[in-house]
């Protein structure tokens, strides 16, 4: 079941305390991760991972390792960029300061106190924490992805604190946590591509206006990731604007940003993505973000960009042209002719000695 705590939704099990909010990697180990998250509890995680060794700390984060080679390397990777990652997320959320929170009891109440703690769990298959505002983050030991895993869950902590409609356990909140994690670690792009392909090949359902899918739904994760890329790279809204606009669905975020309905946004989005289809799959670039596709700008209700110059730069402003271009061109031509005639007359008079203006 779900319960609200004023800072986001927490999934609560009937036994064993709150269920984890997760970032699960796509691929062959995904099913094993899903089974693991059905079993892991706050109590078992606390008992297993609280004994890890501190590797280092920053003003906002403490990082631990399980002592394995990958665990140590992952902890170092997180620690190396921890403060820069924290500040980046904080800036996306408008400079928001996390509330002080409280220590948990390792049973039914997750820790929400700061600083954020990052621990290693070799079975995570990505990352998780026990509640949107829970500040103990568990990550899979993978040095190339470790800081991205941490950022994904850190974004969810800020989502809860901001209280702008980003539901960390559902489509919109999970999608935001993924794209912002990708901004801090480009190595996540292949995983994003897999979830995008899964969503498209399954019939590309509208998860933009339906936010009921959980963070464990691969198809909704793919749709949300791609739609947020659309808002950012197609329509030209920066991440801070998107983050602080919020909304109960991605469709509502779109409506608040553009003034158009979420249905219009989804239709325009899908029509553009459809141009990438090749044999049932999408032709995606290496970074998994195919936008902009076609003309950029704020799409009108017809699905065609309105007020767009057709430029591929989403930040290029529209330049209004004269309402009668032919008249403008004719006026310029007339001025040129008059100036030429005056110049000829002056030369003739000067040559005949009538006037002397050339020395």
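Readers should treat all values here as calculations from the given coordinates under stated rules, not as data from a laboratory. Here the structure is a predicted model, which means the values were calculated and not measured. With ideal geometry, Cβ positions are generated from the backbone for all residues, glycine too; neighbour counts draw on all protein chains shown.
Worth a mention:
- Three-way shape label, the stretch 66-124, alpha-carbon gyration tensor, a/c 1.5: oblate
- Taking the centroid of alpha carbons for each part, the stretch 96-146 and the stretch 199-261 are 25 Å apart.
- Of all DSSP beta bridges in the stretch 1-163, antiparallel share, percent nearest 5: 65 percent
- Zone residues, the stretch 163-180, relative to residue 287, backbone N less than 15 Å from point 7 Å out along Cα-to-Cβ: 179-180
- Tensor-based shape of the stretch 137-280 (alpha-carbon gyration tensor, a/c under 1.5 rounded, otherwise prolate or oblate): oblate
- Modelled this way, with points 7 Å down the Cα-to-C-beta line, the labels at residue 241 and residue 277 are 3.0 nm from one another.
- Difference of contour (0.36 nm per residue) and Cα-Cα distance, residue 105 to residue 187: 26.0 nm
- Note on residue 70 and residue 34: their simple-model spin labels are 2.1 nm apart, each label 7 Å out from Cα toward Cβ.
- Counting other Cβ atoms within 10 Å as a rough exposure proxy, the listed residues 258, 44, 114 run 44, 114, 258 from fewest neighbours to most.
- Treating each Cα of the stretch 1-163 as one equal point scatterer and applying the Debye formula with no solvent, the log10 of I(q)/I(0) at q = 0.15, 0.18 Å⁻¹ comes out as -0.75, -1.11.
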